[in-house]
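Q: Sharing a structure with you now.
The values are calculated or read from the model by the stated rules, or taken from the named source; none is laboratory data. The model shown is predicted, which means the values in this text are computed figures rather than measured ones. Every residue, glycine as well, gets a Cβ built from its backbone with ideal geometry; the counts of neighbours run over all protein chains shown. Note: accessible area is taken over every heavy atom of the protein model, side chains too, but ligands, DNA and RNA are not part of it. Shrake-Rupley method; radii C 1.70, N 1.55, O 1.52, S 1.80 Å.
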Amino acid sequence: MSEAAAAGVLTGRVALVTGAGGLLGGGIARRLAHAGAAVVVHWHRSERAAGALVEEITGAGGEAVAVRADLTREAECHRLVDTAAAWRGRLDVLVNNAGVQPVQPLAEMTADDWRRVTEANVTSAFCCTQAAVRAMTGDGGDGGSVVHIASIEGSRPAPGHAHYSAAKAALIMFARSAALEYGPLGVRVNTVSPGLVDRPGLADDWPDGVDRWTRAAPLTRLGRPEDIGDACVFLASDAAAWITGTDLVVDGGVSARPTW
């Protein structure tokens, strides 16, 4: 969905984006705001970035507020969602974007390392989703849209990412399970699986990887945060009213390339 096409399609709705103080979460929040949603910008350690994002959105005529929460704690997940729903008296969209992506050889990984990644990437989404569905369907609410940010590594693992790949695969299946149970309540649950998304300095830090990706991608470039944001806008909009339990891959076509 292009920026022009998305303008206003979420007007009147309230969206919560977890991890919105980061590069990818910030890009998602910007696109939702451009589409007309009032956006709750969640942050944990990125206070300055979250504050700057709120100023940017409100300065452009949108609505946004920043809320801090530690999503490794169930009570904090519930407080965040309750705060988001109370802000404008409703909650229509939840984007579970918060997570971590450490690189660590499987042979050196401890159970604590494994738990840290699954807690941040899967358990936080589980807790926020439960709370969000209650907010979306309680007091006469007619449902909403939940989007988990997964990864193409959920089906195509990379070395050093055993915990991350497993967590993202679990997130995809959790979305399907939630779609099955929450569909009758009017709540749609989907995942977006990005490929390699660019960031400042990535080409300098990993020139070989960026070159290999660019040559492998049929669309010949890395992703941008707004590419992922556009997918979230689509899944949150009425254009996706009959879409739930699906994984939308946004990777420039890399997954279509043969591996033999």
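Q: Cβ-Cβ under 8 Å, sequence separation 6+ or interchain: first residue in the range 191-206 and over 17 Å from Gly22 (Cβ atoms) and free of Cβ contacts under 8 Å to residues at least 24 places away in the same chain, partner assigned to a helix (DSSP H, G or I) and of a type outside the set (Phe, Trp, Tyr). Which pairs?
A: From residues that are over 17 Å from Gly22 (Cβ atoms) and free of Cβ contacts under 8 Å to residues at least 24 places away in the same chain, the pairs are Ala203/Val210.
Q: Determine which member of the set Arg88, Arg79, Arg73, Arg115 is more than 28 Å from Met173 (Cα to Cα) and basic (Lys, Arg).
A: Arg88
Q: Same structure, new question: Take the conditions open to solvent by 50 Å² or more (accessible area, probe 1.4 Å) and within 18 Å of the chain's Cα centre (by Cα) and apply them to His78. Does it pass?
A: No: the conditions fail for His78.
Q: In the range 105-116, is there at least one residue being within 15 Å of Thr18 (Cβ to Cβ), open to solvent by 10 Å² or more (accessible area, probe 1.4 Å) and touching a His at 6+ places or on another chain (Cβ under 9 Å)?
A: no
Q: A follow-up question, please. Quick check on the range 205-246: of everything there that is under 18 Å from Gly186 (Cα atoms) and not aliphatic (A, V, I, L, M), which residue is surrounded by the fewest Cβ atoms within 10 Å (Cβ to Cβ)?
A: Trp242
Q: For the range 99-113, give me each residue that is of a type in the set (A, V, I, L, M), within 26 Å of the chain's Cα centre (by Cα) and outside any loop (DSSP other than H, G, I, E, B).
A: Matches in the range 99-113: Leu106, Ala111.
This table checks each residue for (1) modelled with pLDDT of 95 or more; (2) under 24 Å from Ala166 (Cα atoms); (3) of a type in the set (S, T, N, Q).
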residue	(1), (2), (3)
Ala85	yes, no, no
Val95	yes, yes, no
Thr118	yes, yes, yes
Ala125	yes, yes, no
Cys128	yes, yes, no
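Q: Right, something else. Of the residues Leu202, Leu185, Leu180, which single one is open to solvent by less than 40 Å² (accessible area, probe 1.4 Å), farther than 18 Å from Arg156 by Cβ and of a type in the set (A, V, I, L, M)?
A: That would be Leu202, the only listed residue that is open to solvent by less than 40 Å² (accessible area, probe 1.4 Å), farther than 18 Å from Arg156 by Cβ and of a type in the set (A, V, I, L, M).
Here is a yes/no grid of residues against (1) of a type in the set (Asp, Glu); (2) open to solvent by less than 20 Å² (accessible area, probe 1.4 Å); (3) touching a residue at least 40 places away in the same chain (Cβ under 8 Å); (4) at negative phi:
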{"residue": "Ala15", "(1), (2), (3), (4)": "no, yes, yes, yes"}
{"residue": "Ala20", "(1), (2), (3), (4)": "no, yes, yes, yes"}
{"residue": "Arg30", "(1), (2), (3), (4)": "no, no, yes, yes"}
{"residue": "Trp43", "(1), (2), (3), (4)": "no, no, no, yes"}
{"residue": "Ser46", "(1), (2), (3), (4)": "no, no, no, yes"}
{"residue": "Ala50", "(1), (2), (3), (4)": "no, yes, no, yes"}
{"residue": "Gly62", "(1), (2), (3), (4)": "no, no, no, yes"}
